[in-house]
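Have a look at the structure below before the remarks.
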Amino acid sequence: MQKSYCICLVILLTAAFIPAAHAEDSSFENLAKTPPMGWNSWNKFACNVSEDLIRSTADAMVATGMKEAGYEYIVIDDCWQVSRDEQGNIVPDPKRFPSGMKALADYVHSKGLKFGLYSDAGTATCQKRPGSKGFEEKDARQYAAWGVDYLKYDWCNTEGQDAREAYVKMSRALRTAGRPIVFSICEWGTSQPWLWAPGVGHLWRTTGDIQDCWDCSQPWGGMGLIHIIDLQTDLHPYAGPGHWNDPDMLEVGNGKMTAAEYRAHFSFWSLLAAPLMAGNDLRNMTQETKDILTNKEVIAVDQDPLGMQGRKVADGGATEVWMKPLSGAARAVILFNRGNVASPITVLWEQIGLAPGAEAQVRDLWAGKDLGRLKGRFTAKVAPHDVVMIRIQP
């Protein structure tokens, strides 16, 4: 009872900071009813972005089956912008984007995809390009005119700024810009945005930047896969349709983790109802990477219309059980082995809210096969740094 009261109080307090509704706002409220799916340039290409890269990536998203699997956003991260003109308008790099952003957005749209850009709430982006502080309305109108569908908004060079105030300001600007634009808050979880960002943005980062590694960290805040997973444990009450916790973009296929580790990565992001923003080179994927990123049964867990984030239900140290409620009374379950030796892991029906003696149909989502009707429990031997992911239907 006390926990429910606290969550309700958070919602009430948050409502006080949500931008006032306008006639043109209804489209903003109806965006991202399931976690956004797409591709972002940063993890693989960093500042090496160009018109040619974006066009060829849009082509590859269609040709590889990524679009068919549900991916739709093509997002250019930092380094596309170089200056502002005399009127204060943001200027794309003319050498890297000679046709301009409107033409590039039109090309992406012609493929049946959506177009996204990056900016920053501070005076400069993380790579020292012009930020949006003081230019929020002008930038929002420019993005709308270009045909932008998604804005990732970072938090570098923001000394002296309040995160909530800064993001509310851009949220208001987007709402009145005349085009539905998904608003991705990239504040790294420092001010606990899950407590105030519902209604301000559609998703918010919960951690520092992901690194392409299983267990590592960087002094500036970058972190490996298991560190990010651990930080999601208590965040499930704050996610739902139109407002998602974001543990950062995918590293699947970037080459520094094993296939098992990438499978665990993708499984967890789907169980956590996280945005699925691929960060690899779609033009040169191995079949193994493609099979992970386009597994329709795992993606269906992420995109389940109930919109609930999964949570940990059992912790054995090196082994864990995580569960996500699905529509139709089903459950998605991850048996997770973070250890270095293969281990049997069991999920008990009572751990996932089912009657202990009930029968349920079990399906292995990575093997793509039914395992039969089982009573009370399921056990599998799980390889090191790997998962077994199942769907349990009572």
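The values are calculated or read from the model by the stated rules, or taken from the named source; none is laboratory data. Values in this document were obtained by computation on a predicted structure and should not be read as measured data. As a convention, Cβ positions derive from the backbone with ideal geometry for all residues, glycine included, and neighbour counts pool all protein chains shown.
Structure data summary
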quantity: Enumeration of residues in the range 115-125 that are surrounded by fewer than 22 Cβ atoms within 10 Å (Cβ to Cβ) and either closer than 17 Å to PRO36 by Cβ or not assigned by TED's automatic domain parsing to the domain that holds VAL82 (or both); calculated: none
quantity: Check on GLU288, charged (D, E, K, R) and part of a helix (DSSP H, G or I); calculated: yes
quantity: Test: residue in the range 34-50 that is assigned to a strand (DSSP E or B), surrounded by fewer than 23 Cβ atoms within 10 Å (Cβ to Cβ) and assigned by TED's automatic domain parsing to the domain that holds GLY240; calculated: yes
quantity: Selection count, the range 212-228, where residues are in contact (Cβ under 8 Å) with a residue 40 or more places away in the chain and surrounded by 22 or more Cβ atoms within 10 Å (Cβ to Cβ); calculated: 2
quantity: Long-range neighbours under 6 Å by Cβ, at least six apart or interchain, first residue on the phi < 0 side of the Ramachandran plot and not assigned by TED's automatic domain parsing to the domain that holds THR123 within the range 134-148, second part of a loop (DSSP other than H, G, I, E, B) and β-branched (Val, Ile, Thr); calculated: none
quantity: Qualifying residues in the range 83-104 (those that are assigned to a loop (DSSP other than H, G, I, E, B) and polar (S, T, N, Q)) - the one farthest from the chain's Cα centre (by Cα); calculated: GLN87
quantity: Members of the range 327-359 found to be more than 25 Å from HIS385 (Cα to Cα) and of a type outside the set (Ser, Thr, Tyr), listed by number; calculated: GLY328, ALA329, ALA330, GLU350, GLY353, LEU354, ALA355, PRO356, GLY357, ALA358, GLU359
quantity: Single condition TYR107 does not satisfy, out of (1) assigned to a helix (DSSP H, G or I); (2) over 15 Å from TRP146 (Cβ atoms); (3) of a type in the set (Phe, Trp, Tyr); calculated: (2)
quantity: Matching strands (runs of 3 or more DSSP E) fully within the range 301-390 where at least 3 residues are among the aliphatic types (A, V, I, L, M); calculated: 331-337, 343-348
quantity: Residues within the range 309-322 that are closer than 23 Å to LEU276 by Cα and in contact (Cβ under 8 Å) with a residue 40 or more places away in the chain, tallied; calculated: 5
quantity: All positions within the range 51-67 that are surrounded by fewer than 22 Cβ atoms within 10 Å (Cβ to Cβ), closer than 17 Å to PHE115 by Cα and not small (Gly, Ala, Ser); calculated: GLU51, ASP52, LEU53, ARG55, ASP59, VAL62, LYS67
quantity: Criterion (touching a residue at least 40 places away in the same chain (Cβ under 8 Å), assigned to a loop (DSSP other than H, G, I, E, B) and farther than 30 Å from GLY317 by Cα) met by exactly one of GLY178, GLY189; calculated: GLY178
